[in-house]
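In what follows, a single structure is set out as structure tokens and then discussed.
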Amino acid sequence: MPIKHYLQKAGLTHPKYLQTLVENRRVFNLKNCELNIFESYQEAYNVPLTFNDFVITSMIRGKKVMHLPDVPAFDYLPGETVIVPANTTMVIDFPEADAQNPTQCMALAVDAGYIHDTIDYLNDYYNSSTDEHNAWKLQFNQYHFSNDNEISDLINKIIRVCSSVDRYKNIFADLSLKELLIRLVQNQRLQQFAGESADNGNQTRLHYVLNYIHEHLSEKIAVDLLCRKAYLSRNMFFKWFKEQFGISPLEYINAERVKMAKQLLADTQNDLRAVSNLCGFSDVNYFIRVFRKLEGITPGAYQSCMAHPS
């Protein structure tokens, strides 16, 4: 059972202010985005929803079944995010919604010009590669994913800012929204390159480095060796790697080791020290700190959740 990073539950609309029991909507408008909070209090099916802008949605409570064009229907649960292009109709089922168990979902519609300007800025100032393959861009082949700590924290902050009366909320929303877009692009890029590295480890310098990391997660991985494999100095390697993913090589290695650890912890016969060693951590206490930072829970508590799912 994966551990998810949930959003803070927003207050539900008072019953006397409900306009409808299916997808009741509260709207908060800002300069470059519009925050929508949707709530449903009764079972319903085939409910269409379309935005004129690119939209970032994230489930807060309850369950939906999502139907998007050209993809199989899927369950949409708290701790997950879905991104949808402008003018794309989502068709939504609410198979479990009722007054005691309402669904609640936030949808952040973002102005197309704002996204274009942000992506252009990233490519102008934070991309030293001339390869189009490495350009900053939002993609929609990866549209449904579990929140990580950074994404859930940013969405929580955006909800607080948008619903506040702070006179400077447009400024705070702008900064948080830019960071959220960057995190989403990084998340997509990491997934994309990890999959490509598995298929073709030597396609590019980046694939070669990532493939080497994945094949040696159980061993000590020296950054100087990665620098040599990338034919870059240490300083240039760190700059190049962070431009691609927004994180350092060590942060990437630790994240991949934690993914490996979660698979091993699914077997409750594996003790923490053995898992730590198998995932390339020489110090079990360091392993626990890294795991907790990335997953918001200790590896021992994670394993207990696997053994006794709620």
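In table form, for the structure just shown:
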quantity: When residues of segment 24-40 are limited to those that are in contact (Cβ under 8 Å) with a residue 60 or more places away in the chain and among the charged types (D, E, K, R), the one nearest to CYS162 (Cα to Cα); calculated: GLU34
quantity: Hits in segment 217-240 - residues which are surrounded by 15 or more Cβ atoms within 10 Å (Cβ to Cβ) and within 24 Å of GLN263 (Cβ to Cβ); calculated: LEU217, ILE221, LEU226
quantity: Residue under evaluation SER40, criteria (1) of a type outside the set (A, V, I, L, M, F, W, C); (2) modelled with pLDDT of 95 or more; (3) within 21 Å of the chain's Cα centre (by Cα), criterion not met; calculated: (3)
quantity: Qualifying position, being more than 30 Å from ALA135 (Cβ to Cβ) and under 26 Å from the mean Cα position of the chain (by Cα), among GLN263, GLN269, GLN244; calculated: GLN263
quantity: Residues located in segment 55-86, provided they are open to solvent by less than 40 Å² (accessible area, probe 1.4 Å) and charged (D, E, K, R); calculated: LYS64, GLU80
quantity: Test result for PRO299, closer than 24 Å to LEU122 by Cβ and at pLDDT 85 or above; calculated: no
quantity: Residues being under 20 Å from SER152 (Cα atoms) and of a type outside the set (D, E, K, R) - total across segment 66-110; calculated: 16
quantity: In segment 18-48, residue nearest to PRO95 (Cα to Cα) [restricted to those that are out of contact with any Ser or Thr (no Cβ under 7 Å at 6 or more places or on another chain), open to solvent by 20 Å² or more (accessible area, probe 1.4 Å) and in a strand (DSSP E or B)]; calculated: TYR45
quantity: Residues located in segment 50-74, provided they are assigned to a strand (DSSP E or B) and farther than 11 Å from ALA107 by Cα; calculated: ARG61, LYS64, VAL65, MET66, HIS67, PHE74
quantity: Breaking point among (1) over 25 Å from LEU18 (Cβ atoms); (2) more than 20 Å from the chain's Cα centre (by Cα), for PHE94; calculated: (1)
quantity: Search result, residues across segment 241-254 that are surrounded by 17 or more Cβ atoms within 10 Å (Cβ to Cβ) and assigned to a helix (DSSP H, G or I); calculated: PHE241, GLN244, PHE245, PRO249, TYR252, ILE253, ASN254
quantity: Residue within segment 238-253 that is over 24 Å from HIS207 (Cβ atoms), of a type in the set (Val, Ile, Thr) and at pLDDT 90 or above present; calculated: no
quantity: Test: residue in segment 280-290 that is over 18 Å from GLU215 (Cβ atoms), surrounded by fewer than 18 Cβ atoms within 10 Å (Cβ to Cβ) and among the small types (Gly, Ala, Ser); calculated: yes
quantity: Strands (runs of 3 or more DSSP E) contained in segment 75-176 and holding at least 1 residues modelled with pLDDT under 90; calculated: 144-146
quantity: Failed item in (1) touching a residue at least 12 places away in the same chain (Cβ under 8 Å); (2) exposed (fewer than 13 other Cβ atoms within 10 Å of the Cβ), with HIS116 passing the rest; calculated: (1)
quantity: Meets criteria (touching a residue at least 60 places away in the same chain (Cβ under 8 Å), under 25 Å from the mean Cα position of the chain (by Cα) and surrounded by 14 or more Cβ atoms within 10 Å (Cβ to Cβ)) for GLU295; calculated: yes
quantity: Hits in segment 87-113 (condition: of a type in the set (S, T, N, Q), in contact (Cβ under 8 Å) with a residue 12 or more places away in the chain and open to solvent by 10 Å² or more (accessible area, probe 1.4 Å)); calculated: ASN87, THR88, THR89, ASN101
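The values are calculated or read from the model by the stated rules, or taken from the named source; none is laboratory data. Small disclaimer: the values here were computed from a predicted structure and weren't measured. Using ideal geometry, Cβ is built from the backbone for each residue, glycine included, and neighbour counts are taken over all protein chains shown. Remember, those area values only see protein heavy atoms, side chains included, never the ligands or the DNA or RNA. Shrake-Rupley method; radii C 1.70, N 1.55, O 1.52, S 1.80 Å.
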